[in-house]
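Heads up: the structure comes next, in structure tokens.
Nothing in this text is a laboratory measurement; each read-out follows from the coordinates by a stated rule. Just so it is clear, the model here is predicted, and its values are computed rather than measured. Ideal geometry is used to build each Cβ from the backbone, glycine not excepted, and the neighbour counts take in all protein chains shown.
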Amino acid sequence: MSPPTTATTERTDHDGGPPALFSITGVSVRFGGVRALSEVSLDVAPRQVLGVIGPNGAGKTTLFNVACGFVRPDSGRLLWKGEELTGLRPHRLASLGIGRTLQGLGLFDRMTVLENVMVGAGRHARTGFASALFGLGRGARDDAALAARARRTLAGLGVERYADRLPGSLPYPVRKRVALARALVGEPELLLLDEPAGGLAGDEMAELGELIRGLTDRMAVMLVEHHMDLVMSVCDDITVLDFGRVIARGGPDEVRRDPAVVAAYLGEEVGGKAGGKAGEGAGERAGREQRGTGE
Amino acid sequence: MPTTTEAGEKDPAAAADGRGGPRRRWRSSVLPRHLSLAVLGLLAVTVVMETTGSFANSQLASMAYLGIAAGGLTVLTGLNGQLSLGHGAFMAVGAYTTALFLDGEPPALPLPVVLAAATLVTLLVGAVVGVAAARLHGPYIAGATLALAVAVPGVVLHFERLGGEQGLGVRMPETPVWVLDAAYFVTGSELDPTKYVAYIGWAALVVTYVLLANLMRGRVGRTWRAVRDDEVAAEIAGIHLGRARVLAFVVSTACAGLAGAVMAMAVRITAPSGFSLTLSLTLLSAVVLGGLGSLTGALIGSALLTFLPHLVTGLGTDAGLTDVRAAELAPAVYGLTMILVILVAPAGITGTLRNLWRRRRGVA
Ligand SMILES: Nc1ncnc2c1ncn2[C@@H]1O[C@H](COP(=O)(O)OP(=O)(O)OP(=O)(O)O)[C@@H](O)[C@H]1O
Ligand SMILES: [Mg+2]
């Protein structure tokens with residue numbers, strides 16, 4: 001991938017701030033006639049929560065898919081710790097230190113909760129095929145270590161008691177936590193959360209908010225979410241997308257008052273009442289169904 | 001036999017959760033367990049082999065090679081979700097390799113080395129096919145492997161060295177004297193060549209199943225199942241989809257190669273007609289009957305496919321049918337069994353037993 005880097009970086013944040021952990025610079029993606037992303041740039045600083053919001057079809061999931069290597073951008077660059085990620089493939093994410101949850105759950109339905117999380121811990125595995133094939137003690141000890149790690153992560157999210165169950169038999173909020181555990185167990189430095197609050201009730205969402213804030217002592221978080229209360233309360237910075245373009249960026253208060261943002265949400269009160277899902281009502285966009293990878 | 005099967009079945013008692021619930025101890029190593037099962041299995045096989053006649057011995061040899069191939073196939077299809085309709089073709093590779101290596105008086109290589117060579121050659125062929133198949137999805141893999149199953153017997157005809165339609169005779173090397181002595185010492189009876197091959201087949205099966213069970217239990221098996229259940233999530237978790245698929249394919253075809261080698265020795269001839277599409281479908285039905293993804297199931301399926309036809313034919317003649325009529329009964333019963341299992345027990349025999357057991361324990 002060697003696209004022309006016509007980065008029109010109109011970034012206002014982090015000038016002179018801490019160096020970015022992850023940067024997206026001038027990324028454009030086109031699906032046939034649809035411009036899903038145009039010249040999108042953003043920076044995620046270490047230990048920051050960056051919100052990405054925008055109406056349905058604005059390009060949020062596509063942005064994540066670019067960041068994960070599922071979608072190859074037509075132009076633009078990705079920088080991880082200052083180094084360009086060329087030809088990024090999704091399976092490399094985990095070893096780079098990037099975790100992601102999917103907009104759907106994407107749990108492995110015929111594997112126990114513990115095994116689901118252990119798959120996410122593969123980054124910490126130290127033994128390979130041969131010790132597995134011959135059942136060497138080394139492989140078994142390695143597996144036990146992965147299991148212990150997975151259990152700790154499950155315990156940290158309060159769902160350890162479901163370790164031996166199949167995900168299909170569990171309530172939705174628990175499954176959401178299992179999916180989160182699978183992303184966290186790899187100890188990423190950047191976590192991409194695509195609509196983590198979808199399907200959660202009010203109090204569960206508040207817990208989720210606290211949980212996300214709690215993660216910032218270890219990692220940066222990029223959060224796509226429609227629930228404005230959650231976004232406004234946990235994000236340090238917010239980038240607003242509309243029709244694939246960045247229309248605003250800044251702190252929650254700045255963004256909330258930004259006239260372009262208000263217009264994009266068709267006058268809906270941004271950061272309104274409990275559980276307000278801005279953007280969901282944008283009738284004008286109802287026709288844009290989304291077909292992001294992995295959903 | 002090792003009884004490793006799919007994830008969900010492990011120790012369902014532990015799933016009776018609750019904060020103070022029984023916490024499953026992570027077995028520090030699976031090898032001792034698998035090995036002791038293997039030893040028990042071999043003992044059982046020895047007892048059966050020594051108490052039955054020559055015909056049953058040869059049937060046991062057939063069961064062994066079907067079981068080896070079915071074990072490999074159940075890993076591919078049950079654990080990794082790749083459907084192969086062409087495993088008979090890989091058995092052909094193993095069988096012809098064996099026939100060629102055993103040609104010569106005395107054969108150039110000792111028997112274990114021949115078995116290993118047949119496995120290795122098939123593994124390499126499997127790697128080439130697997131790399132191609134990894135680019136394909138679901139029905140296309142099935143299609144490609146189906147094409148292989150159809151093509152291989154035809155291709156064989158074009159090579160003079162492979163004996164054409166008649167195929168190659170397989171020369172069984174003389175049973176080593178020390179083996180004869182050891183057998184006499186242990187069992188008190190003479191080891192005839194049929195029994196010798198059957199023992200080799202079962203030894204190969206036990207080794208194969210121990211290795212497969214090891215793989216299934218550990219990270220490799222988990223990786224395969226993750227790819228089967230959700231590709232995108234597996235990829236995000238750091239799994240290289242192509243590599244995982246090719247690995248499963250290669251492991252599975254290596255088993256088919258070994259199975260082919262045993263088959264060559266048991267049947268004493270390798271001819272294209274022995275490796276028709278029917279063989280591939282037989283393997284698949286063994287795996288489905290027994291229960292996808294379960295080695296125990298693969299073994300049960302192979303036993304059914306080996307013994308059911310003969311049993312049915314026997315019952316037919318007992319009931320006063322002519323030999324021909326009785327022989328026609330077998331495919332019918334076989335078909336009915338297949339339909340019955342798919343209708344009544346779609347999870348296969350082991351899968352259904354597992355579900356019943358789980359329900360009795362009151363676990364979801
Ligand atoms: N694989 C694809 N092929 C074609 N068009 C796509 C694909 N993925 C997304 N799109 C289009 O790109 C645009 C952006 O979609 P995207 O899924 O990124 O939106 P989103 O902001 O995540 O929306 P939502 O809030 O509904 O999840 C939409 O118009 C969508 O229809
Ligand atoms: Mg989306």
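Only Cα pairs under 8 Å and 6+ residues apart enter the sum, and on that basis the relative contact order of the stretch A:109-184 stands at 48 percent.
Quick one: angle between helix B:323-344 and the longest Cα principal axis of chain B, in degrees between 0 and 90, rounded to 10, please. In chain B, helix B:323-344 runs at an angle near 10 degrees to the longest axis. Residues B:Lys195, A:Lys81, A:Lys60, ranked from the fewest to the most other C-beta atoms within 10 Å, line up as A:Lys81, B:Lys195, A:Lys60.
If you plug the beta carbon distance of B:Thr337 and B:Ala147 into 1/(1 + (r/R0)^6) with R0 = 30 Å, you get a FRET efficiency near 0.60.
Database remark: amide H of B:Ile269 closer than 5 angstrom to the amide H of B:Val170 (H placed geometrically; neighbours at sequence offset of 5 or more, or on other chains; Pro and chain starts carry no H). Tally Lys/Arg at +1 and Asp/Glu at -1 over every other residue whose Cβ is under 10 Å from the Cβ of A:Asp142; what's the total? It works out to a net charge of +3. When only alpha carbons are used to place a centre, the stretch B:261-306 and the stretch A:79-144 end up 35 Å from one another.
When B:His158, B:His137, A:His124, A:His226 are arranged by Cβ crowding within 10 Å, least crowded first, meaning fewest neighbours, the order is B:His158, B:His137, A:His124, A:His226.
Quick one: if the Förster radius is 41 Å, what FRET efficiency do B:Ala327 and A:Phe134 give, using the C-beta to C-beta distance and rounding to 0.05?
0.35
Placing a label point 7 Å from the Cα of B:Ser189 along the Cα-to-Cβ line, the residues of the stretch B:34-57 whose backbone N sits under 20 Å from it are B:41-57. Each stretch of four or more DSSP H residues adds -39500 (n - 2.57); spread over every residue of the protein assembly as shown, this sum gives -17000 deg cm²/dmol at 222 nm. Take the Cα of B:Ala108, step 7 Å toward its Cβ, do the same at A:Arg218, and the gap between the two points is 5.8 nm. Shown here for the stretch B:125-199: GluC sites (Glu not before Pro) in loop regions (DSSP other than H, G, I, E, B) with at most 13 other Cβ atoms within 10 Å, namely B:Glu165, B:Glu174, B:Glu190. Entry note, the stretch B:106-255: relative contact order of 40 percent, from Cα contacts under 8 Å with a spacing of 6+ residues. Here the calculated FRET efficiency for B:His158 and B:Ser58, from their Cβ-Cβ distance with R0 = 41 Å, stands at 0.85, rounded to the nearest 0.05. Just grab the label-to-label distance for A:Lys81 and B:Arg243, each label 7 Å out from Cα along the Cβ direction, in nm (one decimal). Going from the A:Lys81 label point to the B:Arg243 one covers 1.9 nm. Distance between the 7 Å Cα→Cβ label points at B:Gln166 and B:Leu356: 5.2 nm.
Measuring nothing but how far apart in sequence close Cα pairs (under 8 Å, 6+ apart) lie, relative to its length, chain B scores a relative contact order of 31 percent. Axis angle, to the nearest 10 degrees, between helix B:348-360 and the longest C-alpha principal axis of chain B: 30 degrees. Applying Stokes-Einstein at 25 °C and 0.890 mPa s to the Kirkwood radius of the stretch A:109-184, computed over alpha-carbon pairs, gives a translational diffusion coefficient of 194 µm² s⁻¹. Counting Cβ atoms of other protein chains within 10 Å of each residue's Cβ and taking the mean over peptide A:126-134 gives 4.
Translational diffusion of the protein assembly as shown, estimated by Stokes-Einstein from the Kirkwood radius over alpha carbon pairs at 25 °C in a medium of 0.890 mPa s, is 89 µm² per second.
The angle separating the long axis of helix B:277-290 from the principal Cα axis of greatest extent in chain B is about 40 degrees. Here chain B was treated as a single set of alpha-carbon atoms; its pair distances binned every 20 Å from 0 give 28, 58, 14, 0 percent.
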